[in-house]
Amino acid sequence: MRVGPADLDALRLWLGWRVGVAVLAAATAGIVRAGESGLDWPDRWYRWDVVHFVGIAQDGYVGEPTGVPNEAFLPGLPLLMRAGSVLGVSEVAVGLAVSLVASAVAAVALGRLAERAVPGTGGWTVAAWLLAPTAVFLAAPYTEALFLALALPAWLAAQDRRWWAAGVLAALAITVRVSAVFLVAALLVQWVTDRHRRWADLTWLLLPALPLAAVLLAQHAATGSWTAWWDAQSSQEWNRYLTPPWEAAAHTWEAAFSPGRVEALFVWPFRLELVAVAAGVAVTIWCLLRR
């Protein structure tokens, strides 16, 4: 595909953001972790979920490096880390490189999606995305950037009726984050509402079922359980499980406005979460009305 002016705008915004993140990470490394300011750049990112990704890359679904089962994470990024380690590159360095490239790809894809929807909004959309506080995860050796680098182009491909590309990209995305299940559902809706749909194209959208089955088989082989991912998510560390939306809203409201319910540090994030959900519901209703 041609690289247009909107793509260049997205890349310029991405580059400025990457420089900013690098400066902040370098400046705050010694503050966040006293006594660790002398660590190499990749080692500064070896925290939280990265420990699990590295653990899977090295040992597969065996062990609990931080008390949380590795089965809570999917193998897409760890497989890339393992491939890099074979070439003598550390797993964390590979993860950082993947996020570097993937975030650039995702920025261009997001800009294109926005331009298609409302011409002239691509740059603003990419800027809002990169300036969100959670954008820090796009720079870390996490799965967010890699997932979006697969999911957003998959959506573009579906809009262009290149269903084979959409199916392949979605299949890769489903090895990275479980969110790809919802991506596949959205792609199916896109296919159903396409006036020129062909049944042969539907087979490509069934392709993501194969890697999902492979992940379940791998985790079953390691743990003897078909629900290893679910069990890990609902473990004591995270306590994640399905709950009705009204109960989730009630719990979030309590966390946001009940004194002493949570640490003061987390009160405003919960309040902003309520605002974000309300905005999401409003936009969804507006989109449905506008078809």
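The values are calculated or read from the model by the stated rules, or taken from the named source; none is laboratory data. All figures in this text were calculated on a predicted structure; none of them were measured in a lab. Neighbour counts run over all protein chains shown; Cβ positions are idealised from the backbone, glycine included.
Just one of (1) under 22 Å from residue 215 (Cα atoms); (2) buried (at least 21 other Cβ atoms within 10 Å of the Cβ) fails for residue 152. It is (1). Just the residues that are acidic (Asp, Glu), under 30 Å from residue 275 (Cα atoms) and either touching a Ser or Thr at 6+ places or on another chain (Cβ under 7 Å) or not in a helix (DSSP H, G or I) (or both), please, taken from region 224-260. If the condition is that a residue be acidic (Asp, Glu), under 30 Å from residue 275 (Cα atoms) and either touching a Ser or Thr at 6+ places or on another chain (Cβ under 7 Å) or not in a helix (DSSP H, G or I) (or both), then 237 is the only one that fits. Look at (1) surrounded by fewer than 23 Cβ atoms within 10 Å (Cβ to Cβ); (2) part of a helix (DSSP H, G or I) and you find that residue 62 fails only one, number (2). Flag not set for residue 135, criterion: in the same structural domain as residue 196 (by TED's automatic domain parsing), modelled with pLDDT of 95 or more and in a helix (DSSP H, G or I).
Surrounded by fewer than 20 Cβ atoms within 10 Å (Cβ to Cβ), in the same structural domain as residue 276 (by TED's automatic domain parsing) and out of contact with any Lys or Arg (no Cβ under 9 Å at 6 or more places or on another chain): which single residue out of 255, 214, 218, 248 fits that description? Answer to the check: 248. Going by the structure shown, is residue 121 at pLDDT below 95, within 14 Å of residue 10 (Cα to Cα) and of a type in the set (S, T, N, Q)? Yes, satisfied.
All of 200, 180, 185 fail the test of being in the same structural domain as residue 230 (by TED's automatic domain parsing), surrounded by 22 or more Cβ atoms within 10 Å (Cβ to Cβ) and either closer than 26 Å to residue 80 by Cβ or of a type in the set (A, V, I, L, M, F, W, C) (or both), apart from 180. Residue 73 fulfils the conditions (1) surrounded by fewer than 24 Cβ atoms within 10 Å (Cβ to Cβ); (2) at pLDDT 95 or above; (3) over 30 Å from residue 199 (Cα atoms) except for a single criterion, (2).
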